[in-house]
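Derivation of every value follows stated rules applied to the coordinates shown; laboratory data play no part. It should be emphasised that the depicted structure is a prediction, and the values quoted were computed from it without experimental measurement. Glycine gets a Cβ as well: all are built from the backbone with ideal geometry, and neighbour counts include every protein chain shown.
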């Protein structure tokens, strides 16, 4: 690969990272403004934010990252564990 090709790839990478940062800022703003739209909308915004974080890692770092399916499974398990803990705590009260 020539130096010009490497520069082009790096410019594309930086452009994509900037787009991800912009998308993350917008999602964060959406999370602050999601009150009144229910928990489903907020859950989707939070999940989208997790996907953006994984995309950032996949683009910015030279290490193995989770697939989309793995990320969804992990997020689902975390959500289930949180719901179970919440349920156990409410049963004790």
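Observations on the structure shown:
- A residue that is within 24 Å of residue 72 (Cβ to Cβ) and assigned to a loop (DSSP other than H, G, I, E, B) occurs nowhere in segment 19-33.
- Of the listed requirements (1) within 30 Å of residue 12 (Cβ to Cβ); (2) touching a helix residue (DSSP H, G or I) at 6+ places or on another chain (Cβ under 8 Å); (3) part of a helix (DSSP H, G or I), residue 65 misses just one: (3).
- When residues of segment 48-62 are limited to those that are out of contact with any helix residue (DSSP H, G or I) (no Cβ under 9 Å at 6 or more places or on another chain) and assigned to a helix (DSSP H, G or I), the one nearest to residue 28 (Cα to Cα): 57
- The set of residues from segment 19-46 being within 11 Å of residue 59 (Cβ to Cβ) and free of Cβ contacts under 8 Å to residues at least 24 places away in the same chain comprises just one member, 19.
- Residues that are surrounded by fewer than 14 Cβ atoms within 10 Å (Cβ to Cβ) and under 30 Å from residue 82 (Cβ atoms) within segment 1-25 comprise 21, 22, 25, listed in sequence order.
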